[in-house]
Amino acid sequence: MEEAQSSKNFIELEIEKDLSEGVYKSVCTRFPPEPNGYLHIGHAKSILLNYGLAKEYGGKFNMRFDDTNPTKEKQEFVDSILSDIKWLGADWEDRLYFASNYFNQMYEGAVKLIKKGKAFVCDLTAEQIKEYRGDFTTPGKNSPYRDRSIEENLELFENMKNGKYADGEKVLRAKIDMASPNINMRDPVIYRVAHMTHHNTGDKWCIYPMYDFAHPIEDAVEGVTHSICTLEFEDHRPLYDWVVRELEFPNPPRQIEFAKLYLKDVVTGKRYIKKLVEDGVVDGWDDPRLVSISALRRRGFTPESIKKFVDLVGVAKANSEVDYAMLEYCIREDLKLKKPRMMAVLDPIKLIIDNYPEGETEWLDVDNNQENPELGSRKVPFSRELYIEREDFMEEPPKKYYRLFPGNEVRLMHAYFVKCVDYKKDENGNITEIHCTYDPETKCGKGFEGRKVKGTIHWVSAKEAVKAEVRLYENLVDEEKGKLNPDGTMNLNPNSLKVLTNAYVEPELANVEPEDKFQFVRQGFFCADMKDFTKEKPVFNRIVSLKSSFKLPLQK
């Protein structure tokens with residue numbers, strides 16, 4: 001029993017304590033993004049954590065948009081977020097909510113606070129409010145409007161709702177304690193005037209609640225029991241508790257904070273991604289060089305690999321950075337036994353087998369994945385003219401180079417032994433053709449007893465191969481210089497994207513579907529681009545290379 005308890009994370013232990021003590025009869029969690037951008041890998045941790053806790057304890061998981069700020073929110077972001085969460089496998093069933101659906105209840109809550117003498121309308125400007133608030137060493141001082149009567153505050157707040165004031169002219173503030181050591185409790189603003197069209201409520205409202213006031217109300221109205229959020233909200237928890245207490249919600253929700261997921265040398269901040277998109281550095285929020293969930297999906301990552309990654313990172317109380325190599329490890333582990341190993345030549349040079357019959361094509365039986373026989377086999381065409389990788393031939397090879405060079409023999413993967421007998425160059429000295437002879441007795445690895453061939457190279461048949469575009473990705477950030485300059489600008493890697501337009505792939509790869517994934521022998525794991533792939537013009541993204549120096553830490 002003790003061992004089972006020790007394997008639980010601190011949030012699970014808190015939930016189990018609440019259930020055993022009867023604080024809550026059941027569990028309800030939620031994921032509450034603001035629709036002001038696309039979700040990223042850090043949000044995936046929160047989604048999977050909240051959904052996983054609900055599943056673990058037989059509870060409910062709510063999906064809710066915290067759409068209280070119409071200045072930054074768009075329907076495009078709402079749609080992308082819903083798509084990402086579905087893809088990750090978190091099921092909110094019929095519980096899709098919007099904070100804006102509760103605007104009436106929030107307004108009534110604000111009126112209730114005014115009537116209790118716990119809120120007042122303030123005429124100070126934003127700059128003055130900041131000045132009056134004080135800092136960590138200086139207590140705040142009361143607003144000159146703090147002692148307005150309840151009747152006057154009710155009238156002014158009604159006038160705010162009815163559009164009688166300009167943006168910023170008046171705000172509603174909670175009346176708590178301007179001397180509190182927690183600055184968030186120094187009479188925080190809970191409503192502001194904003195004459196903006198809202199994506200969900202249109203022009204019905206010209207006042208909008210602040211997040212710290214709206215969020216606890218949303219949780220309480222929905223019956224959320226455990227409001228799981230990241231560490232930056234720890235100092236906001238007293239205000240969260242104050243709101244639900246003063247509004248007298250029964251069975252109030254409980255906020256618990258956990259550490260954010262930070263990836264080393266990776267751009268995750270929405271404002272930075274937004275700038276990259278607006279400046280045309282990337283081709284959208286789903287550019288495969290980003291770590292938005294949409295971008296990871298387009299790159300070729302799977303929900304299973306992201307879940308494995310989140311599980312490996314774990315749930316902690318202290319922030320830390322994680323190496324991107326761990327995420328790459330997770331996708332390799334997920335795909336290596338699931339997907340076929342295909343042949344693709346990214347930098348082609350022609351190889352001609354002089355003694356192979358002209359015009360003949362034979363179809364070889366090839367295992368899809370030698371480590372997983374359940375994936376079966378396929379037919380691969382072989383003919384007199386092939387494409388191989390340019391790097392697999394050298395005129396004057398260094399020691400321990402075991403691929404093709406004049407007089408050397410290699411194995412063509414799944415096919416025959418070939419020996420280089422000649423090669424041709426163009427007027428600039430570039431090699432254009434390699435000529436070989438083959439031994440028909442060595443088909444598919446047979447008939448070579450006693451012959452030592454150290455090199456094996458992959459190939460595609462020139463006649464049947466399909467021309468394709470292949471996109472190779474590196475980190476968007478220049479890792480040697482770090483993520484940011486002192487002035488806040490980003491250090492970008494100029495080689496973050498390399499587009500190969502003259503690659504050749506097996507003919508079968510022209511008939512796959514967008515998002516299909518496979519290993520290209522020796523090149524890495526790839527997927528058919530979900531936006532640009534067509535059968536007429538196949539486009540493949542490299543998800544990850546085949547090998548990494550990353551090692552899992554030893555388990556205790």
Got a sec? Which of ASP426, ASP422, ASP478 is among the acidic types (Asp, Glu) and surrounded by 14 or more Cβ atoms within 10 Å (Cβ to Cβ)? ASP478
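Scanning for something part of a loop (DSSP other than H, G, I, E, B) and buried (at least 21 other Cβ atoms within 10 Å of the Cβ), does segment 41-63 turn up at least one residue?
Looking for residues that are part of a loop (DSSP other than H, G, I, E, B) and buried (at least 21 other Cβ atoms within 10 Å of the Cβ), one finds none in segment 41-63, hence no.
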State whether the residues of segment 289-312 include one that is out of contact with any Asp or Glu (no Cβ under 6 Å at 6 or more places or on another chain), polar (S, T, N, Q), touching a residue at least 60 places away in the same chain (Cβ under 8 Å) and not assigned by TED's automatic domain parsing to the domain that holds PHE405. yes
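Given the structure, is ASP84 closer than 29 Å to LYS8 by Cβ, part of a helix (DSSP H, G or I), in contact with a helix residue (DSSP H, G or I) (Cβ under 9 Å, 6 or more places away or on another chain) and among the acidic types (Asp, Glu)?
It is true that ASP84 is closer than 29 Å to LYS8 by Cβ, part of a helix (DSSP H, G or I), in contact with a helix residue (DSSP H, G or I) (Cβ under 9 Å, 6 or more places away or on another chain) and among the acidic types (Asp, Glu).
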Restricting to segment 419-442, give me the number of residues that are under 45 Å from the mean Cα position of the chain (by Cα) and closer than 15 Å to ARG384 by Cβ. 2
The lone condition GLU76 fails out of (1) more than 24 Å from ARG271 (Cα to Cα); (2) outside any loop (DSSP other than H, G, I, E, B) is (1)
Do the conditions hold for SER149, that is, is it buried (at least 19 other Cβ atoms within 10 Å of the Cβ) and hydroxyl-bearing (Ser, Thr, Tyr)? no
Conditions first: (1) surrounded by fewer than 16 Cβ atoms within 10 Å (Cβ to Cβ); (2) over 42 Å from the mean Cα position of the chain (by Cα). GLU513 passes all but one, so which condition is the exception? (2)
Any helices (runs of 4 or more DSSP H) falling wholly within segment 264-356 and containing at least 2 residues that are modelled with pLDDT of 95 or more and crowded, with 21+ Cβ neighbours inside 10 Å: 293-299, 303-313, 324-335
Report yes if GLU371 is acidic (Asp, Glu) and either assigned by TED's automatic domain parsing to the domain that holds TRP285 or part of a loop (DSSP other than H, G, I, E, B) (or both), otherwise no. yes
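Yes or no: TRP92 at pLDDT 95 or above and farther than 30 Å from LYS25 by Cα?
For TRP92, the condition - at pLDDT 95 or above and farther than 30 Å from LYS25 by Cα - is not met.
Out of VAL345, VAL322, VAL310, report the one residue that is more than 24 Å from LEU497 (Cα to Cα) and in contact with a strand residue (DSSP E or B) (Cβ under 8 Å, 6 or more places away or on another chain).
Going through VAL345, VAL322, VAL310 in turn, just one is more than 24 Å from LEU497 (Cα to Cα) and in contact with a strand residue (DSSP E or B) (Cβ under 8 Å, 6 or more places away or on another chain): VAL310.
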Restricting attention to strands (runs of 3 or more DSSP E) lying wholly within segment 379-453, give those where 2 or more residues are within 27 Å of PRO507 (Cβ to Cβ) and in contact with an Asp or Glu (Cβ under 7 Å, 6 or more places away or on another chain). 417-425, 431-439
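The values are calculated or read from the model by the stated rules, or taken from the named source; none is laboratory data. Worth saying up front: this structure is predicted, and the values here are computed from it rather than measured. Here the Cβ is made from the backbone with ideal geometry for all residues, glycine too, and neighbour counts use every protein chain on show.
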